[in-house]
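I have placed the structure first, in the form of structure tokens, so that the comments after it can refer back to it.
All of the numbers you see were taken from the coordinates with simple rules; none came from a lab. As the structure is a prediction and not an experimental result, all values here were calculated from the model.
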Amino acid sequence: MHNESNELSEFDSLTLSPMPGPFAGRAGANAIPDDLPMVMWLRGDEPHFNDFSVDVDGAMTELGIRRSRLTQISGRELRVGKKRVDRYIRPCFRPADIAAYKSFTRATASHLKSSQVLDDVLMRLENETGQLIDKVATTATQNSANFQAALEALATEFRQAQGLLLREVTDRVDSIERGLDGSLQAALQRVQANLMAVEESSAGLESKISAQNDTILSLMNQNHLLIRELHAATATRFEALGQQFATELAEAVSRSAANASKTSEIIELTVHQTRSVIRGDLNKILEKIMEKIDDLAKAPPSYPKPCQPHRSRYHARRLRQF
């Protein structure tokens, strides 16, 4: 009962702000007398034209809503004015209407109380999380110190073991070097003997190469001589072939001239014969044509038969019966 009385006292302290438009019938609406419609088309000569000074972006930021919600409440719960800006009609709002809408839609006392409780819970949660973070940080520092000490101990042990391994390795290397000295000397002696053998073989190869070079030079000289002889022979051969070709060409020209004269004579004879044959055929044809003309002139004239008129099939049938 005591809690209910406290809540009632909190609600008694609240006052509702006036809201025009669809909220005109509620309590406190007569505080601001306003008989304007919810949607107004403004031309610029109205006395309340300058009151509509808030654009869409300003209304969204003032009310904390999105464009879709503003479009939903414009003209229903919030008065809107239609202004002509450049070539477009754009919505605009009055600061008084926006303030009235905000005061009407503000949170109730119970909502404020629940939000206060949530704020207290959040504060307690932040304090507890801070304490938890401090504990985690202290444990992390302690664990890191312990881990660092363990790493240092492992590093000292590793260094000692490394020193022992290095001593063993150096001893083994010394022993290996002592054994390698004798083997290296034997290998050097073998290499020197091999080098002496290679030098002797290279000297023999040089003598052989010089002899081969001499033979190659002699062969090249012989090749040059043969090439000169071949050029001289080819030149003489080409001269002989040229003379032979000239003589044969002269003979072929003379033969072609003789053949041309013979062919011209034969062509003239054939042309004369064909002309005489064609003239005889033409004379025969002319004689036959004249004979036909004489026969036609002697024959009596023939007149065409008169055309009979077209008759129907019915009339032809009747004629057949008779």
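Assorted remarks:
- Residues whose amide H falls under 5 Å from that of Val54, counting only those 5 or more places apart or on a different chain, are Phe93, with hydrogens built in the peptide plane.
- Prolate/oblate/rounded call for segment 135-290, Cα gyration tensor, a/c under 1.5 rounded: oblate
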